[in-house]
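Below is one structure; the comments refer to it alone.
Derivation of every value follows stated rules applied to the coordinates shown; laboratory data play no part. Here the structure is a predicted model, which is why all the values come from computation and not from measurement. Positions of Cβ are generated from backbone atoms using ideal geometry, with glycine treated the same way; all protein chains shown enter the neighbour counts.
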Amino acid sequence: MPILIYALRRALQAVPVIILIMIGAFLLLKLAPGDTVDALVGDMGGADAQFIARLRAEYGLDQPIWVQLWRYMIKFLQFDFGWSFVYEQPVSVVLMERIGTTLMLMAASLFFAFTFGVGLGAIAARKAYSTTDNVISTLGLVFYATPSFFLSLMMIVVFSVKLGWLPVGGIKTVAGFYTGWKHVWDVALHLVMPTAALSLIYLAFYLRLMRASVLEVAELDYVRTARAKGAGEARLMFHHIMRNALLPVITLLGLQFSTLLGGSVVVESVFSLPGLGSLAYQSVVQRDLNTLMGIIFMSSVVVVAVNFLTDLLYARLDSRIELA
Amino acid sequence: MNISTGRFGPLLAGAMAAFAVTAAAVDADAQEPKRGGTAIIQMKGEQRILNPALRASTGVYYITGKIVEPLIDKSYDGYEPVLATEWSSSEDGLEITFKLREGVKWHDGEDFTCDDVSFTAMNMWKELLNYSTTLQQNLEAVDCPDPHTAVFKYSKPMPMDLMLAAMPDLGHPMPAHLYEGTDILKNEHNTAPVGTGPFKFVEYQRGQYVIAERNDDYWRGEEYPYLDRIVWRFITDSSAAAAALEAGEVHESGFIGVSMADVERLSEDDRFDVGTKGYENNVAHSTVEFNHRNPILADLKVRQAIYHALDIDAAIETIMRGYAKPGRGPVPSTGGANYTDDVPTYPFDIEKAKAMLDEAGYPAGDDGVRFKLRHRPAPWGEYTQLWAEFYAQSLKKVGIDVEILTNDAPGFLTGVYRDHDFDTANGWHQFRADPAVSTMVWLRSGSPNGTPWTNQFGWQSDEVDAMIDAAASELDPEKRAEMYHELQRISMAELPVIFAIEHPFISVTSKKLINHHNTPRWNSSSWYDLWLDQ
């Protein structure tokens, strides 16, 4: 199985990369002024000197940085991500609690954005410079230019405050205690606005890229040949043009999938969604090193995996590309 | 993120009248309380620890106050017995005795006894609880002559009024049987508290919500509490919080959880009560802090000129929308007998400020600038950020160029309190119960480098240090108050720090909630009498 050997080689290559990322990130984070004890004490509204010294010793923050790094890496190599002093839980538990929400939100948004972006982009390109194209392109520009916090807040004002159709935020109705399909429906309702807010911006990317790409491919010689041998417009579009035009869009999808675990800080905080984006942001502000390192680790694994999948997808779409 | 308790005497009524701006008092007697319902509370931040004996912070009490009860609480009429029914002090101040309430059970069914008090006091209050470690540093032992009497023994006299003032916040017993023999800091009950209060802890989803439900065996009697359930939702975005209030998804937003623009807007909406009532204990000062290592700022004339250059009333109107008053030194006006307004003041006067700066030897240069200051603003939200900008603009008018160095919380705390890398800074600090365990740390020298909210300003006075130490163990309340009045006067004359503005917090509360904000530390209290009219 050449593909398995290929996968194994890629995985082995990734190990030193990830270790380097972890060491680099650790040292970089240590450069920020203050540590998690400063942040915790700031949250508490102050504490006395003995208390602070005790906390610092408890967390091992009184040790030199090299000792701290050594201890962290030893644990890390055993897949122990340590304890979050901010959340008072193991980092793995903190991450697992958040990852579901982020995956759900990002997968829904990317799916929505990709499908509609590619579709609208293709239509716009086929009817280039017509009214349809103008309307679609203008909409894309508007979505692209609207900051997501503004879009989110305006949706809340219209759909929650004025109309009362959708909940303001959160992932479910807290005191509802719904089960079964009622729970699914409840969660879906809560995700409508965040998904819309996030995907409209991604949608604009895909739309513009797809339109440009289709326009370019449609001019190529093999399309003219296909048309000359009598291929219908639909077959021409789906079989010949779209398949090739998708390559740059797939590249972008791959790149954006890599940021998937990062989530969106803005959308998550406006809609009070407990995702990884806001967790990463909070961890920086709180100097919660262990949690942040956990997020960085997961993200680097995802980047490596997605790059691999993107390569596979390339080979499938364009058989001239070989895995090597 | 802050805590405090104030002390109340006859001044209370006056202070309340001054603070209560639009909060409508609901006459609870006129209505028959209804049982049932879920109150939903918005919180801006999350402390992530739910043990009030490990973390002294309003962000903790806001949740745990309903689940874990203190020995003593505070009402508008004075101290109110909760888990302690009586208290007394020996003549020499070395022994303080609490009679404990009988027949109280922890939520897991065990009896509440003196063992719990003794264990918590020795292992948490004295060792691990921020601020309490200073308060209880001379605590030698807590004896239990019988299961319902706790005797606190001190090696130095402990003033009874200091102890009482501190107890509502720093006096929460925790169940000894769940903590004994464990690593206290990592005990699972720190995030799943077991208490004696009117509500039992159910669930804590980090970043989302906390749920507590009615305790059917509450010691105050079967009719209490009125609510079935309380849910705290963490909504960090202040605009989203305002939207949640308007959409009826949230009943209460405390500690200024929405932006000041929304506070003003919602105060005109007749679905909400907006005001500062119930926060008399949670008064904070917006400060200007000086680095006296800078020779320019070491000159008293310069500091006084800066005070004269600040239009405090304008700041109160524009930044705090009137929900504040000018500061008068380290004790706020809600500080009870320890407060005095007989202190030197520095009314807004630009010309006088300019003249004083000339006199001090800092004339304006050709570009109109006398000297430059590097200023660190604390990132504690809307007030502190705007107050920093207001300060910089005010000083520009008298020829002082202020460069604002924006930083996040750890950056601010280390920059100011550890590295002393600033000329001036502004922050916000709460008055906690009694000057001895709160604002005196601003004046007392000798705090180790890196202790936040302490005198790291390079300012030192032997006279002040001696007076602070004497006041902390003075048993006669009158003499003690006299000492604090003197300290206030010195602080206003010498200006080691400017306590520019005192402000309580603000709540936006749905009118469906009845009996809200009826104690001076309401958001931290147990809410056993709160009910929902729906």
Averaged over residues of A:31-37, the number of beta carbons from other chains lying within 10 Å of each residue's Cβ is 5
Projecting the Cα atoms of A:ASN244, B:PRO347, A:GLY277 onto the charge dipole of the protein assembly as shown, where Lys and Arg contribute +1 and Asp and Glu -1 at Cβ, the residue farthest towards the positive end is A:ASN244
Rg over Rh of chain B, using C-alpha atoms and the Kirkwood radius, what does it come to?
0.97
Let me check against my output: what whole-number percent is the relative contact order of segment B:72-179, with C-alpha pairs under 8 Å and at least 6 apart?
30
In whole Å, what is the distance between the alpha-carbon centres of segment B:223-290 and segment B:381-416?
26
Please report, in Å, the Rg and the Dmax of segment B:164-217, where both are computed over Cα atoms only.
13.0, 35
Just A:PHE149, A:PHE159, A:PHE79 to compare: in a GNM of chain A, with alpha carbon springs under 10 Å, which one fluctuates most?
A:PHE79
Do any of B:LYS153/B:LYS186; B:LYS126/B:LYS156; A:LYS30/B:LYS126; A:LYS127/A:LYS229 go past 25 Å between their Cα atoms, and which?
B:LYS153/B:LYS186; A:LYS30/B:LYS126
What is the angle, in °, between the Cα long axis of helix B:350-359 and the longest principal axis of the Cα atoms in chain B? Nearest 10 is fine, range 0 to 90.
60
Give me the net charge for the shell around B:ARG418: Cβ to Cβ below 11 angstrom, other residues only, Lys and Arg +1, Asp and Glu -1.
-4
Order of A:113-120, B:213-220 by packing, highest average Cβ count within 10 Å first?
A:113-120, B:213-220
Chain A: calculated mean residue ellipticity at 222 nm from DSSP helix runs of at least 4, using -39500 (n - 2.57):
-24000 deg cm²/dmol
Positive end of the dipole of chain B, charges at C-beta (+1 Lys, Arg; -1 Asp, Glu), about the Cα centre: which of B:HIS292, B:HIS189, B:ALA500 has its Cα farthest in that direction?
B:HIS292
When DSSP beta bridges are limited to those with both residues in the protein assembly as shown, what percentage is antiparallel, rounded to the nearest 5?
75
Could you tell me whether chain A comes out rounded, prolate or oblate from its Cα gyration tensor? Rule is a ≥ b ≥ c as square roots of the eigenvalues, rounded for a/c under 1.5, then prolate if a/b exceeds b/c, otherwise oblate.
oblate
Using a 10 Å cut-off on Cβ to Cβ distances, tally the other chain neighbours for every residue of B:233-243 and report the average as a whole number.
6
Roughly how big is the protein assembly as shown's charge dipole about its Cα centre, with Cβ charges of +1 (Lys, Arg) and -1 (Asp, Glu), in debye to the nearest 20?
4520
Assigned charges on the beta-carbon of Lys, Arg, Asp, Glu; segment A:99-317 dipole about Cα centre (debye)
460
With segment A:20-91 reduced to its Cα atoms and the Debye formula applied, log10 I(q)/I(0) at q = 0.13, 0.14, 0.17, 0.20 1/Å amounts to -0.42, -0.49, -0.72, -0.97
Cross-link candidates for B:LYS512: which lysines have Cα within less than 26 Å, leaving aside residues fewer than 8 places away along the same chain?
A:LYS162, A:LYS172, B:LYS34, B:LYS44, B:LYS66, B:LYS74, B:LYS200, B:LYS277
Give me the angle, in degrees from 0 to 90, between the Cα long axis of helix B:160-170 and the longest principal axis of the Cα atoms of chain B, rounded to the nearest 10.
80
Where the Cα atoms of segment B:284-503 are projected onto their three principal axes, how long is each span, largest first, in whole Å?
58, 36, 35
Cα-based convex hull, segment B:72-179, per residue volume (Å³, whole number):
102
Most fluctuating residue of A:MET44, A:MET106, A:MET237 in a GNM of chain A with Cα springs under 10 Å: which is it?
A:MET44
Return a whole-number percent for the relative contact order of segment A:2-91, with Cα pairs under 8 Å and 6 or more residues apart as the contact set.
20
Looking at chain B, what % of its DSSP beta bridges pair antiparallel, to the nearest 5?
75
Output needed for the protein assembly as shown: three equivalent-ellipsoid semi-axes, defined as square roots of 5 times the C-alpha gyration tensor eigenvalues, in descending order, whole Å.
52, 33, 28
If you count, for every residue in B:176-185, the Cβ atoms of partner chains within 10 Å of its Cβ, what is the mean?
1
For chain A, take the longest principal axis of its alpha carbons; what is the angle in degrees between that and the long axis of helix A:276-286, to the nearest 10 within 0 to 90?
30
How high is the relative contact order of chain A, given as a whole-number percent (alpha carbon pairs under 8 Å, six or more residues apart)?
27
